[in-house]
Every structure is written in C-alpha cells, then in structure tokens.
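Student: This is the structure I have questions about; it appears just below.
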Amino acid sequence: MWIVVGLGNPGKKYERTRHNVGQDAVAEFARRRGASLKEGRDKSLVTEVSIGEQKVVLGIPLTFMNESGQAVRGLVKRHNMKPDEFATRLVIVHDELDLPPGTVRVKEGGGLAGHNGLRSITSHLSTQDYLRVRIGVGKPPTAEMGADHVLRKVPPAERQLLDDAESRAADAIESLIVNGVAATMNAFN
C-alpha cells in the first residue's frame, strides 16, 4: 500500500497559488484515476485508488501548511503504515523554492529546505525519510518575500508552467508506484 499526500493550504483564498501545487498535483492524479477526494476523519480529503495490484491512498490535508504533519500522521496511523515503510511508500508532493518554476524532481528523504509543511511532517513522524515529488515554484526576489511569493496568485504565463508541472508530478506519482524509485528518479531528475 502507498500513501500519497499533496500539500497546500485550505480555502478559496489559496487556490491556484504556488504553495498549493502539491495538492493540485494529487487532485489531478485522482481525477485521472476517476476518483473523487472526500473529507475523511484525519483532517484530510481522501480517496483510494488501485494501480495494478497496488492500493494507493491519496490525501490532501485540510490543515494549513505548517500543520500538515497532523493530517499525514493520521493517514499513516489509519492505514497501518509502519515507520520502516515511510522511506519507500509514503510520498509527499510539495512546492519547492529551490527549483525553477515548472521543474519536477523526485527525491528520497533529505533536508527540509525551510519548508514548513515538511518540517511539520518530520516532527509528527519523527523522521524525514519519506519520498518527495518536488514542484519548482522559483525563488522570490528576497528571502523576506518568501511567504508572499508562495501565497499570492500566479501570473498567467507562469500559471501555465505550473499547470504543466502539476501534470508531470502526477506522472511521477504513477511512475513511483509502477516503476519504483530508481527508475522514476532517472526519468524525472
């Protein structure tokens, strides 16, 4: 079984912002599989799909980004995912300031790069060893503008780049499940 979680902030105010590209990619993956995300008991929108023999739980936290760990912890507990499975079967899809807009990369574990959603997940799971699908949103002009950069609406030209990246991130999710980590990293990195 796999658990795939797309990070973002809830509410209309944050829809289609850079910070929500992770949840948008997971929603796209669910749409492709003909599944609808519905509110679950673990502070998340959830659905389950199958890819071949693999059961895949998809989640989008209903918490704000900096509390994403609450929802992820609830999902892994509800679905009896053991800590030794996080590094190979838990996928977090998120925005990444350190990548140019529209870039998609797959990563095994690693640092937090100042990402509050990853910090919360790492705190709640007591590990940073989980898979990541990173969607580049680019750096703001200054570090002080980081929050404004990820939370405001995106200009139309960049929005198309991010829409394409969300689609490629959905491809990367499927590749992780079907082809494994090494093959997916070779294909997307």
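The values are calculated or read from the model by the stated rules, or taken from the named source; none is laboratory data. No experiment lies behind these values; they were computed from the predicted model shown. Cβ: placed from backbone, ideal geometry, glycine included. Neighbour counts: every protein chain shown.
Student: Just checking, how many residues over the range 139-174 are in contact (Cβ under 8 Å) with a residue 60 or more places away in the chain, over 22 Å from G11 (Cβ atoms) and either of a type in the set (S, T, N, Q) or outside any helix (DSSP H, G or I) (or both)?
Tutor: Residues meeting the conditions: 1.
Student: For the structure I just gave you, tell me whether G40 is surrounded by fewer than 15 Cβ atoms within 10 Å (Cβ to Cβ) and modelled with pLDDT under 95.
Tutor: On the way: surrounded by fewer than 15 Cβ atoms within 10 Å (Cβ to Cβ): no; modelled with pLDDT under 95: yes.
Criteria not met by G40.
Student: So which of G59, G102, G69, G40 ends up being touching a residue at least 60 places away in the same chain (Cβ under 8 Å) and not polar (S, T, N, Q)?
Tutor: Residue meeting the stated conditions: G102.
Student: Another one. Going by what's in this entry, would L99 be described as in contact with a strand residue (DSSP E or B) (Cβ under 7 Å, 6 or more places away or on another chain) and surrounded by 19 or more Cβ atoms within 10 Å (Cβ to Cβ)?
Tutor: Here the answer is no, as L99 does not meet what is asked.
Student: Could you tell me which residue of the range 109-149 is surrounded by the most Cβ atoms within 10 Å (Cβ to Cβ), considering only residues that are at pLDDT below 95 and among the charged types (D, E, K, R)?
Tutor: The residue in question is K139.
Student: Oh, and also: Tell me whether the range 91-112 contains one or more residues that are assigned to a helix (DSSP H, G or I) and either out of contact with any Asp or Glu (no Cβ under 6 Å at 6 or more places or on another chain) or within 20 Å of N9 (Cβ to Cβ) (or both).
Tutor: No; the residues of the range 91-112 include none that is assigned to a helix (DSSP H, G or I) and either out of contact with any Asp or Glu (no Cβ under 6 Å at 6 or more places or on another chain) or within 20 Å of N9 (Cβ to Cβ) (or both).
Student: Please specify each residue of the range 19-44 satisfying the condition of being touching a helix residue (DSSP H, G or I) at 6+ places or on another chain (Cβ under 7 Å) and of a type in the set (A, V, I, L, M, F, W, C).
Tutor: Result: V21, A25, F29, L37.
Student: Would you confirm whether or not the range 73-87 contains a residue that is at negative phi, at pLDDT 95 or above, part of a strand (DSSP E or B) and not charged (D, E, K, R)?
Tutor: no
Student: Please verify whether F86 is within 24 Å of A183 (Cβ to Cβ), out of contact with any Lys or Arg (no Cβ under 8 Å at 6 or more places or on another chain), touching a residue at least 60 places away in the same chain (Cβ under 8 Å) and buried (at least 19 other Cβ atoms within 10 Å of the Cβ), treating the condition exactly as stated.
Tutor: So F86 does not fit the description; no.
Student: Conditions first: (1) surrounded by fewer than 19 Cβ atoms within 10 Å (Cβ to Cβ); (2) over 27 Å from M185 (Cβ atoms). Y14 passes all but one, so which condition is the exception?
Tutor: (1)
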